[in-house]
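A short worksheet on the structure shown next.
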Amino acid sequence: MREIYIRILGEIRSAWRYRWLALMTAFIVALAGAYYVLEMPDQYEVEARVQVDTESMLGPLLADLAVSPDLNTRLQILTGTLLSRDNLQRIANEADMMTRARSSEQEERILDGLRRNIQLNARSRTNLYEISYRSDRPDVARQVVQSTLDILTEQTMGMSLSDSATATGFLERQVESYEERLRESEQRIAAFKRENIGLLPEQGGRDFYARLRDAENALEDLQSQLRTAANRRDSLRQELRNIEAGQLSEDVPNPRVTMLDEQLNRSRQRLNELLLSYTENHPDVRALEAQIERQLAEREREAANPTRQTAGDPTSNPVYQELRIRLNDWNAEIAALNSQVEDRERRIANLRSQVDELTDVETRLADLNRDYEVTRERYQTLLSRLSTAEMSSQADAAGGQMRFQLIDPPQTPSNPTGPPRTLYMMALLPVSLGAGGVVAFLLGQLRPVFQGRYSLSEITGRPVLGSVSLVMTRRQRRVKAGALSLFMLMVVALAAAILAGALHADLMADELERLIRRLPL
């Protein structure tokens, strides 16, 4: 530690020999620095504040009618791209800054300076934006801030309108495309229906199997009626053959009674049907009841006179004649039933032959209807989205979803805000003294001397047995003290000059500017 102390002390003593050169260097650096600081042009700062309101009253009103974009994200993206090259060129042109450029390199320097010096500070909570710029010309500073503010406003509104126009244009093209598809689908369905008339579901094709089952059930009923009629016919034929053979001599039922029984059954069925719709006092009901009473009375009379069949001529027998009449009726009934059975069988065969064709028609029609429904649903969805996009576009055009409120407009400053000459002048004191110290140290290193016995012994490698100190006279000591006092006085004068310059830096800068203007060029 002692060695380090001795070495440092030796370096200081070596540099102290050139203190006057160091002081001269400090004066020169201080004068040069002061001239540079005072020559620095005045800086004028212009600031503007604007608040962007993204919470509009139209938001809740248009919640289900229009699209509400993320305005905060959109604004962040916009501010991030605000200082693009195109925008910087526009700002420079509007502020007449490009007139000083004589080459493309100078233009690039101007644009880079704008990019560095334009300050855009955003407060996300309040959406408050501060735009500031410094320049040596107040009108240029104000114009730069005004142009930046204009670009921010225009691009924000332009972005909304551009997005809405793009979305609306896309949806309009899609609506036209799907409208054409819907029209083509309708034409295909209409053509298919014309080609398959009679086989479509709405024309009976949908209940084909039900019709087939009904036809089969009807055929079974007709066949049952036909069998019953055939049995009755065969029974009548057997009775006629017995009468013709003269085999019956006992009392036989009167055919008139059987006919009356059938009439009674039909009348009673009719009465039951009427009672389902009318009361017992209805004229039709009362008339039918009177008819039934007459038929009952007539049947009792006929039943009291049984007919006895005997051998003889059958044609003169009234029973035989009545049986022949009834046989002819049943033959006619059987013929009619046979015709109906044949018609039903043909209809069933025709229906069964159409099974494959009807199934194919139903499948193809279902495919066409499904494609039509899908196209129609998408068309309706696109129409709804188009209406929403148009509503959103109108809201953006009205400026309802994002509003700009200019709090502090840019003003042309009358007083400069910089540079901080006082601070720079204060910094000249340590800088100038430090420069002088560096010069003295370098000269001490270039022209070294032995500072004591320790350095001599260290360099020569030999022991120093003794040393002789310098003995000065009284006059020499006074001269030395006077020189030291003068040196300290000069240092104090330098510090005082620098401090005075710091206190009156702006005034001295104005005076220096006037002096330079008066000098002949």
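Identify the residue in the range 113-131 that is among the basic types (K, R) and at pLDDT 85 or above and, among all such residues, is surrounded by the fewest Cβ atoms within 10 Å (Cβ to Cβ). Write out each step before concluding.
Just the residues of the range 113-131 that are among the basic types (K, R), to begin with: 115-116, 123, 125.
Next cut, at pLDDT 85 or above only: 115-116.
Working: R115: 14, R116: 9.
The selected residue is R116.
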ask   = Quick one: which of I8, I28, I110 is loosely packed, with under 13 Cβ neighbours inside 10 Å and modelled with pLDDT of 75 or more?
value = I8
ask   = Any chance the range 256-265 includes a residue that's part of a helix (DSSP H, G or I), exposed (fewer than 13 other Cβ atoms within 10 Å of the Cβ) and modelled with pLDDT of 80 or more?
value = yes
ask   = Among the residues of the range 374-389, is any crowded, with 18+ Cβ neighbours inside 10 Å, farther than 21 Å from Q174 by Cα and at pLDDT below 80?
value = no
query = Regarding L274, is this residue within 27 Å of R232 (Cα to Cα), surrounded by 13 or more Cβ atoms within 10 Å (Cβ to Cβ) and in contact with a helix residue (DSSP H, G or I) (Cβ under 7 Å, 6 or more places away or on another chain)?
reply = no
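Collect the residues in the range 31-42 that are crowded, with 18+ Cβ neighbours inside 10 Å and within 54 Å of the chain's Cα centre (by Cα), keeping them in residue-number order.
Within the range 31-42, the first condition is being crowded, with 18+ Cβ neighbours inside 10 Å, and the residues that meet it are 33-34, 37-38, 42.
Matches in the range 31-42: D42 only.
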ask   = Of these, M402, M425, which one is modelled with pLDDT of 85 or more and either loosely packed, with under 14 Cβ neighbours inside 10 Å or not hydroxyl-bearing (S, T, Y) (or both)?
value = M425
Criterion violated by Q155 - all others in (1) at pLDDT 70 or above; (2) surrounded by 12 or more Cβ atoms within 10 Å (Cβ to Cβ); (3) more than 30 Å from I118 (Cβ to Cβ) satisfied = (3)
task = Please state which of the following conditions P410 fails to meet, knowing it meets all the rest: (1) at pLDDT 85 or above; (2) surrounded by 15 or more Cβ atoms within 10 Å (Cβ to Cβ); (3) not in a loop (DSSP other than H, G, I, E, B).
result = (3)
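Output yes when any residue across the range 60-75 is outside any strand (DSSP E or B) and at pLDDT 85 or above, and no when none is.
At the first step, the residues of the range 60-75 found to be outside any strand (DSSP E or B) are 60-75.
Those left that are additionally at pLDDT 85 or above: none.
Looking through the range 60-75, none of the residues is outside any strand (DSSP E or B) and at pLDDT 85 or above.
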message = Which pairs turn up if I take residues in the range 89-109 that are over 10 Å from S147 (Cβ atoms) and in contact (Cβ under 8 Å) with a residue 40 or more places away in the chain and look for partners that are of a type in the set (S, T, Y) and surrounded by 14 or more Cβ atoms within 10 Å (Cβ to Cβ) with beta carbon separation below 9 Å, at least 6 apart in sequence or on another chain?
response = M97/S135
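The values are calculated or read from the model by the stated rules, or taken from the named source; none is laboratory data. Note that this is a predicted model, so its numbers are computed, not measured. Counting neighbours? That spans all protein chains shown, and the Cβs are built from the backbone with ideal geometry, glycine included.
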